[in-house]
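Peer 1: Before we start, here is the structure in question, set down as structure tokens.
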Amino acid sequence: MNTILKVVDVEKYYGTKSNLKKALDHIQFNVDAGEFVSIMGPSGSGKTTLLNCISTIDMVSDGHIYLNERDLATLLPKEMASFRRKNLGFIFQDFNLLDTLSIEENIALPLAIKNTPAKETHRIVTSLMQRLGIDDIATKFPSQVSGGQKQRCACARAFVNRPKLILADEPTGALDSVSAKQLLELLTELNAQEKATILMVTHDPFSASYGNRVLFLKDGHFNKELQKKQMSRNEFYHSILLEVSTFGGEEPC
Amino acid sequence: MLRKLSQRNAKRQMLDYIIYIITMIITVALLLSFNMVIFSEEVAVIVKEKSILPFLILMVSILVVLIMSFLVKYIVMFILKRRSREFGLYMLLGIENEDIAKLFIRENQSIYGGVLIVGLFLGILFYQIIKAVICRMYAVPFQFSFYVSTKALVLTLIYMCVILFWVSKRTKKVIRQLNVRELLYLDKSHSAVKSKIRSNLFMTIFPMIQGVVGIAIIILSAFKNLPEVVNTFALVLLIIATYGFFAFMLQYFLSRLKDVKWKYSNNRIFVYRQLTEKMRCMLFLMVGVSVLITLALFFINWGIYFSNKVDKRVEAVAFDIALFEDDEYADFSQYISYLSKKNKLDNSYEYSLYTDFNNSFYQETQKAVHGKFGFTISRTNTDTYMSINDYMNLRDMLGLPAITFEDNTYILHCTSENVVPLKLYVEKNPLLLLGNTQYQFGGIYCEDLLQQELYGNGNGVLVIVPDNAIDTLNFQIQVLGINTNSSLSLSEISDLTAFNADVKIISKTGIRNQSASMAVYTVLPLFYIAFVFCAIACTILSVQILSDAKKEFRDYQTLNYLGIERKQQKRLLRNQILLLYFLPAIPAIFINIFAFPMMTGSVIRDASGALQMFFIVSGIKQEIVTISLFLSFFVVYYIGTLFIYKKIIFKK
């Protein structure tokens, strides 16, 4: 398998010398192309810090992160935006859609930024919206659609560029259970059919169970890794719950 | 404790206060500088007569205090909304409303102190600019002096205290009535209250039609002398059409955003979506700001127009002094000897003017529209004649180029406005019959030759005939034209007036003084109001634009994640603010360019009906000065707004 993301012995510290807080402690893992990996952990475990480091928004204190064989530490500040544009897609808990743009325009934005020809942009966006079942709300604005639809739109925006890696930060955090399930199924579908590589950060065992592999993060380092392998999603979910109860952190619902 | 907290807060919140500070500094500077005009002894020496200027400035100042009080309250409320969560937190911690109000007001007061110092200093400098304008109108040499009037200073401080007192009282009242919940959600309630205006086709097209009708009336008014009420109606239509402009622009941008090719190119989608959203929310506000700018531009235009009129009228006098007496055998020798003694005499020429008691040429000059502020006063309404010999000598004396003159011809010398109607007249009536001799038309000249005052070389037109033709004419008036080697003072002119009551004196000094006194009463208050209106328009725009900055912070963060470089983000922001800021100026400038010539009546038309807008040359020059003055003011606010916006959006 081709490795897309390689995180090697990453450490991240915050604060001053006298008051140093270790957010990430010798983190090491790989994500292969076409994988759907979940990172689970309670609040303050370092999930978002790790995601920010991978997304070039934050810098590691030590260690290396390779994305598509490029060491992120070697990126110049002026290269970072272009690197994100070409390689990464983002899904946020609170959608981060631009309120002034219609659903269609929000999805088209990454392509417009890349100066993709307008007709090509329109064609790609239209077909993607049809694929994700949001073509009927194309001309609507974010304030006129439901949370589930907003997150579908955010998914489409993250995927429209065909990035090497999609980073999802608690994507179901602001959704009701039905919408959350629909969104996770959509992510699974994108992963299975479109070979999208997804790294999802969550504290919810149910959401994590949609990944092929779950990494358990606690106090800045990985405690455990669970592989789905031949398990059904339900079996995988229960094994995650068991793991959570064994290692502490989030209590099973 | 609270005092320390408020001082620290004032320092930390400096960014929020930039627009407030700019507006307050401008207010203090304007109030002080114009107050100094009232109390300045230097100005009193220049403007000798007892004038109504102090009264006018006082009236305008009171108006400024009233307007500025509301404006300052508007900004303070904006700042309060921005900091409502902080105050809400204080309230949760148990600090009384009264104490929070005191804290907020104390904060404002400490900023007020700094503002006063800078504003007073700038006011002293700005006074020098006003003095320079007055000196220019009176043709008095300008000298920079660091003058400070205590009375003006005290009056300005009183005005500022009134503003501060009123605003503090209002703020206290508002904070007293707030509860924790209201304070915690005040910033959110702002956006909820803001209603979006949905513009429809009718609301777009109807005002646009009014605009077209307004322009049509203005063009028609150039051909036909339409009554003032119709012209005013046209102006009102144009101002109403301002709404149409914004509604049209909104519709236009929205229609462009339907074009896939257009919107997905050059990152337009983000800028124009943000712009149309803002325009929807701020449509009426933009109309209001645009009307304010329109008025400010009119006032600046009028100010420059009246100021220039002084120079134009003085230049038209041609001689430094001209003496007129009804007696053919008038003796001007004592005037010559007086000036010789004073070493002022450069050269002089005495000549006679004649008339045939007809008024054919004079009648033609009356057909031209001289402009509402043209000086067409004269004691004669018959045609005035001069011999070619005198005319040639006068041209020589005034340094005008020599001309050729053929026998049996006559030439006309008129003011520039009368050239076209007189040319048309002589094309139809080329012959002039004097006695038994007919004279052919030999040419027309229009240099300045004292033709616009009560006494002069004809009222707008002078007929020059061969010397022998003079015998057929009747004596009208004896004239002595004098050029001096330095300008005469008003007291010297009054010395000359005392020699002989029958001799009428027209002098450049006298005309300048008379004209400048009239102009200064209008020019200064006009500029004063114009600057205040500019400050109001800019402040409202800045505050409104900045009110959404926090919300847009999140949008720009999203753009950052999506991979738009910081440099490009800054460019997008600059374009977005530029469009929002300068869009209201477009209809204002357009209305001024069209309506101002109509208002001054400086459009002249010839008998064939062709338009001859004074505007084409001198008008464009004046409009450039007006727009530059306005833009220099506007750019200060634009830069300030952009600076704050960038700080909010791109903070780490």
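Peer 1: Determine whether B:Met286 is more than 30 Å from B:Cys135 (Cβ to Cβ) and modelled with pLDDT under 85. If you could, list the steps in order and put the result at the bottom.
Peer 2: On the way: more than 30 Å from B:Cys135 (Cβ to Cβ): yes; modelled with pLDDT under 85: no.
Answer is no for this residue.
Peer 1: Looking at the stretch A:114-147, which of its residues are more than 11 Å from every other protein chain (Cβ to nearest Cβ), over 21 Å from A:Thr172 (Cβ atoms) and polar (S, T, N, Q)?
Peer 2: Matches in the stretch A:114-147: A:Ser127, A:Gln130, A:Gln144.
Peer 1: Please pick out the residue among B:Leu541, B:Leu496, B:Leu524 that is of a type in the set (A, V, I, L, M, F, W, C) and more than 30 Å from B:Val72 (Cα to Cα). Explain how you work it out, then say what you get.
Peer 2: Details: B:Leu541 fails: more than 30 Å from B:Val72 (Cα to Cα); B:Leu524 fails: more than 30 Å from B:Val72 (Cα to Cα).
The conditions single out B:Leu496.
Peer 1: Restricting attention to the stretch B:467-479, does a residue exist that is out of contact with any helix residue (DSSP H, G or I) (no Cβ under 6 Å at 6 or more places or on another chain), within 13 Å of B:Tyr335 (Cα to Cα) and of a type outside the set (Lys, Arg)? Walk me through it before giving the result.
Peer 2: If we filter the stretch B:467-479 for residues that are out of contact with any helix residue (DSSP H, G or I) (no Cβ under 6 Å at 6 or more places or on another chain), which is where we start, we get B:468-479.
Filter once more, keeping what is within 13 Å of B:Tyr335 (Cα to Cα): B:479.
Okay, now just the ones that are also of a type outside the set (Lys, Arg), so B:479.
Within the stretch B:467-479, one or more residues are out of contact with any helix residue (DSSP H, G or I) (no Cβ under 6 Å at 6 or more places or on another chain), within 13 Å of B:Tyr335 (Cα to Cα) and of a type outside the set (Lys, Arg).
Peer 1: Let me ask you something else. So in the stretch B:521-576, with the set limited to residues that are hydrophobic (A, V, I, L, M, F, W, C) and in contact with a Ser or Thr (Cβ under 7 Å, 6 or more places away or on another chain), which one is farthest from the other protein chains (Cβ to nearest Cβ)?
Peer 2: B:Val523
Peer 1: If A:Met80 satisfies every condition in (1) at the interface with chain B (Cβ under 8 Å from one of its Cβ atoms); (2) within 30 Å of A:Tyr66 (Cβ to Cβ) but one, which is the exception?
Peer 2: Of the numbered conditions (1) at the interface with chain B (Cβ under 8 Å from one of its Cβ atoms); (2) within 30 Å of A:Tyr66 (Cβ to Cβ), the odd one out for A:Met80 is (1).
Peer 1: Now for a separate question. Is it true that B:Lys258 is within 14 Å of chain A (Cβ to nearest Cβ) and either charged (D, E, K, R) or touching a His at 6+ places or on another chain (Cβ under 7 Å) (or both)?
Peer 2: On the way: within 14 Å of chain A (Cβ to nearest Cβ): yes; either charged (D, E, K, R) or touching a His at 6+ places or on another chain (Cβ under 7 Å) (or both): yes.
So B:Lys258 fits the description; yes.
Peer 1: Could you figure out which of (1) exposed (fewer than 15 other Cβ atoms within 10 Å of the Cβ); (2) modelled with pLDDT under 85 isn't true of B:Thr404?
Peer 2: Just one mismatch for B:Thr404, condition (2).
Peer 1: I've got another one for you. Please return the ranges of helices (runs of 4 or more DSSP H) entirely within the stretch A:153-253 where 3 or more residues are without any contact (Cβ under 8 Å) to a residue 24 or more places away in the chain. Before the answer, list the steps.
Peer 2: Values: elements: A:177-193, A:205-208, A:233-247.
Output list reads A:177-193, A:233-247.
Peer 1: Out of the residues in the stretch A:34-57 that are among the small types (Gly, Ala, Ser) and touching a strand residue (DSSP E or B) at 6+ places or on another chain (Cβ under 7 Å), state the one that is nearest to the other protein chains (Cβ to nearest Cβ).
Peer 2: A:Ser55
Peer 1: On to the next question. In the stretch A:56-79, how many residues are without any contact (Cβ under 8 Å) to a residue 24 or more places away in the chain and polar (S, T, N, Q)?
Peer 2: Result for the stretch A:56-79: 1.
Peer 1: Next question, about the same structure. Which count do you get for residues in the stretch B:248-267 that are in contact (Cβ under 8 Å) with a residue 12 or more places away in the chain and assigned to a helix (DSSP H, G or I)?
Peer 2: The first filter runs over the stretch B:248-267 and keeps only residues in contact (Cβ under 8 Å) with a residue 12 or more places away in the chain, leaving B:248-251, B:253-254, B:256-257, B:267.
Keeping just the survivors that are assigned to a helix (DSSP H, G or I) gives B:248-251, B:253-254, B:256.
Summing the residues that are in contact (Cβ under 8 Å) with a residue 12 or more places away in the chain and assigned to a helix (DSSP H, G or I) in the stretch B:248-267 gives 7.
Peer 1: Something else: What are the residues in the stretch B:296-307 that are among the aliphatic types (A, V, I, L, M) and either at pLDDT below 90 or surrounded by fewer than 20 Cβ atoms within 10 Å (Cβ to Cβ) (or both), if any? Full working, then the answer.
Peer 2: Kept after step one, since they are among the aliphatic types (A, V, I, L, M), are these residues of the stretch B:296-307: B:296-297, B:300, B:304.
Matches in the stretch B:296-307: B:Ile304 only.
Peer 1: Scan the stretch B:243-252 and tell me whether some residue there is within 14 Å of chain A (Cβ to nearest Cβ) and either within 22 Å of B:Ile586 (Cα to Cα) or touching an Asp or Glu at 6+ places or on another chain (Cβ under 7 Å) (or both). Walk me through it before giving the result.
Peer 2: The first filter runs over the stretch B:243-252 and keeps only residues within 14 Å of chain A (Cβ to nearest Cβ), leaving B:250.
Filter once more, keeping what is either within 22 Å of B:Ile586 (Cα to Cα) or touching an Asp or Glu at 6+ places or on another chain (Cβ under 7 Å) (or both): B:250.
There is at least one residue in the stretch B:243-252 that is within 14 Å of chain A (Cβ to nearest Cβ) and either within 22 Å of B:Ile586 (Cα to Cα) or touching an Asp or Glu at 6+ places or on another chain (Cβ under 7 Å) (or both).
Peer 1: Sticking with this one: Quick test of your reading of the structure: A:Ile91 fulfils all but one of (1) more than 9 Å from chain B (Cβ to nearest Cβ); (2) touching a Ser or Thr at 6+ places or on another chain (Cβ under 8 Å); (3) closer than 27 Å to B:Lys551 by Cβ. Name the failing condition by number.
Peer 2: The number of the failed condition is (2).
Peer 1: Please note which helices (runs of 4 or more DSSP H) are completely contained in the stretch B:1-50 and include at least 3 residues that are at pLDDT 75 or above. Quick ask: steps written out before the conclusion?
Peer 2: Values: elements: B:2-12, B:18-39, B:41-46.
Correct list: B:18-39, B:41-46.
Peer 1: Let me ask you something else. Restricting to the stretch A:94-113, name every residue that is over 28 Å from A:Ala33 (Cβ atoms), facing chain B (nearest Cβ under 7 Å) and in contact (Cβ under 8 Å) with a residue 24 or more places away in the chain.
Peer 2: Selection gives A:Leu98, A:Thr100, A:Leu101.
Peer 1: Mind checking which residues of the stretch B:308-332 are of a type in the set (Gly, Ala, Ser) and either within 21 Å of B:Ser489 (Cα to Cα) or surrounded by 23 or more Cβ atoms within 10 Å (Cβ to Cβ) (or both)?
Peer 2: Within the stretch B:308-332, B:Ala316, B:Ala318, B:Ala322 meet the criteria.
The values are calculated or read from the model by the stated rules, or taken from the named source; none is laboratory data. Model, not experiment: these values are computed from the prediction. All Cβ positions, glycine included, derive from the backbone under ideal geometry; neighbour counts span all protein chains shown.
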